[in-house]
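Enquirer: Sending over a structure as C-alpha cells; questions will come in a sec.
The values are calculated or read from the model by the stated rules, or taken from the named source; none is laboratory data. As the structure is a computational prediction, the values presented were derived from the model and not from experiment. Cβ atoms come from the backbone with ideal geometry, glycine included; neighbour counts cover every protein chain shown. Heavy atoms of the whole protein, side chains included, go into the accessibility calculation; ligands, DNA and RNA do not. Shrake-Rupley method; radii C 1.70, N 1.55, O 1.52, S 1.80 Å.
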Amino acid sequence: MKKRFKRLGAMLLAGTMLLGATACGGGSNSSTTGNAAKSEDSASTTETGGTTSSGDIDTSEHVVITYMVTGDKPDGKSAERLDEMMEKLNAILTEKVNAELEIYYIGWTDYLSNYNLTLAQMDGSVDLVGTASDWLDAWPNAKNGAFLELSEDMLKTYAPKTWESVSQDHWDLCKYNGSIYLIPEDNYAQWTNHGFIYRLDWAKEAGLTDGVKSWEDLTTYFKYVKEAYPDVIPWDSDGTQYAQMANGWITSHSNFVAIDGVCSGALWGGTKDDLYTITTPAYTDTDMMVEYAKLMKEWDNIGVWKTDVLNNTASSNRDDYRIGRVAAEQHHTQTWTDLCSVTPSNTIYQDDPDAESGFFYFGEETGNVVALSITHGAMAVSAASKNPERALMVYDLLRNDEECYRLLCYGIEGVSYEINDEGLRTTPEGYNSDTDNINGMTNWWWGRNDDLEIRDATRNWDAIDKLYSEYDSLKIDYPYGQFVPEVDDIQSKIDNINEVYTNYTKQISYGKYQGTAEEIVAEMQSALKQAGIEEVTAALQEQFDALYK
C-alpha cells in the first residue's frame, strides 16, 4: 500500500543530522562507497579474497562483520553447536565475500536499555543491527543517527538480491525523512493476530458445522462444552487477557486499525475507511462497548472461566488444552499452528482420532485483518560500521543464499535437522532441542525468507495454508510503521488513561462488574475523559497530520 509522507525535517535535530552525515561519509578505510567506484578497474577473479563474481567490488581485505542481536548468549553444549555451525558458515562467507560473521548478544535482562546504549556508543563494535519499529526503537535510533542511511545505489550494488526482492512500496515504508534506514523482513509469513483456539470437533457436535465464526458462535460453543463435558473448563483464563479481549471485540465489530506502541490498551487508531483520522472506539462507540459488557457477563454466568479468574495466577491453560482439560485458548495464530498439529505434546490427537483444533480470529466477522508490520523485524547497518558495504554483502547472502540461510536458521544438516522424502524438516535421532536448536541461538528475525524456509514436518500445513490464504485475501498492510509518537508532553495523561482502561476492562472483560452494562461503560468513558483522552487524541492527530496529510 503506497503512502505519501511529508518530510519530518522539523523533528530531526541538526546535531543528529550532522552525526548521521559523518557516519555515512567517514567510517571505512577498506570498504567505502568510494572504493566501489575505484574498484571498477580491478581485475575479476574467483579466488578467495579477490572480488565478487560481478568483478567490480574490491573484497581483497578480509573483514569481520558483527551482527548484534537480542538474546542470551549460548553456553555449554549449545555454544559448541553454534561454533560448529559458524565455522561452516564463515568458510562460505570468506569464499564469497572474504568476510566472516560474529554474533554480539544483547541479553534479555534490561535488553532495550543495553541495546540502545550499545548503539549510542558509536564505537564501530557492531555492523549489522537486528531492529524493529514496534519493540526495538528502530525509528528513534534512525532519528538519533545510530543507523546508516542506505542509498538506493548502495543497496543495488552491495545487496542486489535483497533490493530486487523488496517492492518499492515496502522500501518506502523503510524511509525516514525520505531516506532508507531499514531493510524489511517482508517475505516471511508470520501472523500474530489474536483469537480463540478451540476444539473444532466439539464445535461441530454443538451444531456449528463450519466451526466458530463469531463471538455469538463462541457463546454457543461454550454453552455446549459446559453441558456435554462437565469435567472440562471451557477456558481456564489466568485473568490477564482483558485488554486483548476488548481489542478483539472492537476489531470484530468495526474496521478499527490500532496504532501499536502508544499504550498497552491500543486505544488509538484509524479506520480502514479513514486511516489517518484518529479515533478511540472504546471511548466513542458506547453501543458496541455495552454489547461487549453484556456478553462477557453472560460468559461469566455460563461458567466459561473460574469464579476467581482475576486472581487465577496458577492457570496452565495452554498445556491443559494440549491434553484435553480445557476447551479453548486465547492467543495468536502462530500458537494455533502448533496446537492444531500432531506433536508429542498435543496428546488430544492421540487420545481422540476425531480431535481437531479450529481458530476463530478477531476480525473474522468484518474481514478486519491487518498484517504484521514489515519492520516488526528489520535489519539496519550501524552508522559507525567500519565496513558497511561488506556488511550489506554478508546480509544479502544470509537472506538469499540457500546454503548460508540453512546454516544460520537450521544448523548443520544431520546434526540439528534432517529433510525427509517429502522435503519437510525433521529432527535427527538423538536431537536435543535445548542444545541443538540453532534457530534459538542465532535469532534471525530480521531476514527470514519464505523462499528458503524448510517446512516443519510436525505442522498441519493443510489447515495452516488454508487460514493463511484467507488472511492474505483480506489483509491490509500495517499502515503506521513510520509513526513515532512524540509523547513527552502527554505521557502522564497516557499513563493515567491506560491505568483507567486497564482497571475497567479487567471488570468488563470477565463480567465482574457491578450494576448494568450501560452503567459500567458510562463510568469507564467518564473516567477516560477525566484522564485526558480527548487531549491525547488531539495531540496525536496533530502529529498524524504532520506525517501523513
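Enquirer: Please list, in order along the range 68-76, the HN-Hα scalar couplings obtained from phi with the Karplus expression 6.51 cos²θ - 1.76 cosθ + 1.60 (θ = phi - 60°), rounded to whole Hz, x for Gly and Pro.
Expert: Those phi angles translate into 8, 9, 7, x, 7, 5, x, 9, x Hz.
Enquirer: For the range 491-549, give the percent of accessible area contributed by carbon and sulfur heavy atoms, probe 1.4 Å, rounded to a whole number.
Expert: Solvent-exposed carbon and sulfur of the range 491-549 make up 45 percent of the total.
Enquirer: How much of residue 493 can a 1.4 Å solvent probe reach, expressed as accessible area in Å² and rounded to 10?
Expert: 70 Å²
Enquirer: Tell me whether the range 361-488 comes out rounded, prolate or oblate; compute the Cα gyration tensor, take square roots of the eigenvalues as a ≥ b ≥ c, and use a/c under 1.5 as the rounded threshold.
Expert: It comes out oblate by the Cα gyration axes.
Enquirer: Using a 1.4 angstrom probe and counting only protein chains, how large is the accessible area of residue 332 in Å², to 10?
Expert: 40 Å²
Enquirer: For the modelled label position 7 Å from the Cα of residue 320 along Cα-to-Cβ, which residues of the range 284-302 have backbone nitrogen atoms closer than 19 Å?
Expert: Counting only backbone N, you get 299-302.
Enquirer: Going by the alpha-carbon gyration tensor, a ≥ b ≥ c the square roots of its eigenvalues, is the range 201-296 rounded (a/c under 1.5) or, if a/c is not under 1.5, prolate (a/b greater than b/c) versus oblate?
Expert: Working: a/c = 2.68, a/b = 2.06, b/c = 1.30.
In terms of gyration-tensor shape, prolate.
Enquirer: Something else now. Need the full-extension length gain, residue 111 to residue 286, defined as separation in residues times 0.36 nm minus the C-alpha distance. One decimal, nm.
Expert: Values: separation 175, 0.36 × 175 = 63.00 nm, distance 3.97 nm.
Taking residue 111 through residue 286 to full extension adds about 59.0 nm, to one decimal.
Enquirer: Please give me, ordered by residue number, the GluC sites (Glu not before Pro) of the range 51-154 that lie in loop per DSSP and have at most 15 other Cβ atoms within 10 Å.
Expert: Here the sparse-neighbourhood loop sites are 61.
Enquirer: Per residue of the range 354-365, what does 6.51 cos²θ - 1.76 cosθ + 1.60 with θ = phi - 60° give for ³J(HN,Hα)? Whole Hz please, x for Gly and Pro, Karplus curve as stated.
Expert: Values, residue by residue: 8, 5, 9, 10, x, 9, 9, 8, 5, x, 5, 5 Hz.
Enquirer: Shifting gears a bit: Assuming 0.36 nm per residue, please report the length gained on full extension of the stretch residue 503 to residue 546 beyond their Cα-Cα distance. If you can, show how the numbers build up before the last one.
Expert: On the way: separation 43, 0.36 × 43 = 15.48 nm, distance 3.30 nm.
Going from the current span to full extension adds 12.2 nm.
Enquirer: May I ask you to evaluate 6.51 cos²θ - 1.76 cosθ + 1.60, the Karplus curve with θ = phi - 60°, for each residue of the range 500-516 and list the ³J(HN,Hα) values in order in whole Hz, giving x for glycine and proline?
Expert: 4, 5, 4, 4, 7, 5, 4, 6, 5, 5, 10, x, 9, 9, 9, x, 8
Enquirer: While we're on this one: Where does helix 388-400 land angle-wise versus the long Cα axis of the chain, in degrees 0 to 90, nearest 10?
Expert: So the inclination is approximately 50 degrees.
Enquirer: If you don't mind, another one. For a quick check: with amide H placed at 1.01 Å from N, whose amide H comes under 5 Å from residue 176's, ignoring anything fewer than 5 positions away on the same chain?
Expert: So residue 176 has HN proximity to 181.
Enquirer: Hey, can you grab everything whose amide H is under 5 Å from the amide H of residue 257? Only 5+ residues off in sequence or another chain; H modelled, so Pro and N-termini drop out.
Expert: Under 5 Å from the amide H of residue 257: 270, 271, 272.
Enquirer: Sort 232, 415 by heavy-atom solvent-accessible area, probe 1.4 angstrom, most to least.
Expert: Working: 232 15, 415 45 Å².
Output order, biggest surface exposure first: 415, 232.
Enquirer: Okay, next question. In nm, give the distance between the simple-model label positions of residue 470 and residue 538, each being 7 Å from the Cα along the Cα-to-Cβ direction.
Expert: Label-label distance for residue 470 and residue 538, simple model: 4.3 nm.
Enquirer: Do the sum for the chain: with -39,500 (n - 2.57) for every DSSP H run of n ≥ 4, divided by all residues, what is the mean residue ellipticity at 222 nm, to the nearest 500 deg cm²/dmol?
Expert: Values: 24 runs with 238 residues, N = 549.
Using -39500 (n - 2.57) per qualifying helix, the result is -12500 deg cm²/dmol.
Enquirer: Compute the Cα gyration tensor for the chain, then decide on rounded, prolate or oblate, letting a ≥ b ≥ c be the square roots of its eigenvalues: rounded whenever a/c is under 1.5, prolate when a/b is larger than b/c in the other cases, and oblate in all that remain. Walk me through the numbers before you get to the answer.
Expert: Values: a/c = 2.37, a/b = 1.42, b/c = 1.67.
Oblate is the answer for the chain, as a/c is 1.5 or above yet b/c matches or exceeds a/b.
Enquirer: May I pose another question? What does the highest-first list of 127-135, 153-161 look like by mean Cβ count within 10 Å?
Expert: Those peptides, ordered most packed to least, come out 127-135, 153-161.
Enquirer: Solvent-accessible area of residue 340, probe 1.4 Å, all protein chains present, reported in Å² to the nearest ten, please.
Expert: Here the residue's solvent-accessible area equals roughly 10 Å².
Enquirer: Skipping prolines and chain starts, which residues have an amide H placed within reach, meaning under 5 Å, of the one on residue 103, given they are 5 or more residues away or on another chain?
Expert: 67
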